[in-house]
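Asker: First the structure, which I've put down as structure tokens, then a few questions once you've had a look.
The values are calculated or read from the model by the stated rules, or taken from the named source; none is laboratory data. Computed from a predicted structure; not experimentally measured. Cβ atoms come from the backbone with ideal geometry, glycine included; neighbour counts cover every protein chain shown. Surface accessibility is based on the protein's heavy atoms, side chains included, excluding ligands, DNA and RNA. Shrake-Rupley method; radii C 1.70, N 1.55, O 1.52, S 1.80 Å.
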Amino acid sequence: MGLFDAVSISASGLTAERLRMDVISNNIANANTTRTEEGGPYRRRMVVFQAREGETSSFFDILQGKVQSGAGVRAVRIVKDASPLRQVYDPSHPDADQQGLVDLPNVNLVAEMVDLIAATRAYEANVTALNSAKTMAARALEIGRG
């Protein structure tokens with residue numbers, strides 16, 4: 001794995017976690033949305049990640065311990081959470097049914113905040129790894145000058 005591979009891997013992590021934070025923010029913003037363009041209440045969305053595979057190693061590389069590590073992560077799609085919607089009794093709400101029940105989004109604010117903190121920490125870890133790679137590159141250049 002070269003220096004630029006480390007930068008590429010960290011950059012893919014930054015991009016993926018930024019998308020995850022955007023989706024979580026959208027979930028929080030729509031926590032009380034009872035009408036969508038598709039009809040019905042908003043459904044929580046989640047990002048599905050997939051590992052980006054590195055170059056395949058030859059048999060001789062494997063024997064020498066030069067196995068290619070992963071090449072980062074990528075978001076493959078955003079899916080809707082199929083868990084049941086919340087129902088609240090509010091007969092005065094315009095979207096209430098005959099029994100006075102309103103279907104609300106399946107967004108749990110506590111779970112969203114925990115996911116947001118985890119995504120933020122992962123983003124920070126990727127920034128730290130990227131900065132470490134930059135520092136190593138700068139020091140390698142200094143060796144060449146001396």
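Asker: Considering only protein heavy atoms, what per residue accessible area in square angstrom results for the chain with a 1.4 angstrom probe?
Answerer: 68
Asker: Ignoring ligands, DNA and RNA, what percent of the 1.4 Å accessible area of the chain is carbon and sulfur?
Answerer: Result for the chain: 56 percent of the exposed heavy-atom area is carbon or sulfur.
Asker: Expressed as an acute angle from 0 to 90° and rounded to the nearest 10, what is the orientation of the C-alpha long axis of helix 109-145 relative to the principal long axis of the chain?
Answerer: The angle comes out near 20 degrees.
Asker: Same structure again: From the phi angles alone, apply the Karplus equation (6.51, -1.76, 1.60; θ = phi - 60°) to segment 72-89 and give each ³J(HN,Hα) in whole Hz, x where the residue is Gly or Pro.
Answerer: Computed from phi, the couplings for segment 72-89 are x, 9, 8, 7, 9, 5, 10, 10, 8, 6, 8, 5, x, 6, 7, 10, 10, 7 Hz.
Asker: So what's the net charge close to Ala75: Lys and Arg +1, Asp and Glu -1, counting the other residues with Cβ under 13 Å from its Cβ?
Answerer: Once all neighbours under 13 Å are counted, the net charge is +4.
Asker: Loop by DSSP (not H, G, I, E, B), at most 15 other beta-carbon atoms within 10 Å: where is the longest site-free stretch of the chain for GluC sites (Glu not before Pro)?
Answerer: For GluC sites (Glu not before Pro) (loop position, at most 15 other Cβ atoms within 10 Å), the longest site-free span of the chain is 56-146.
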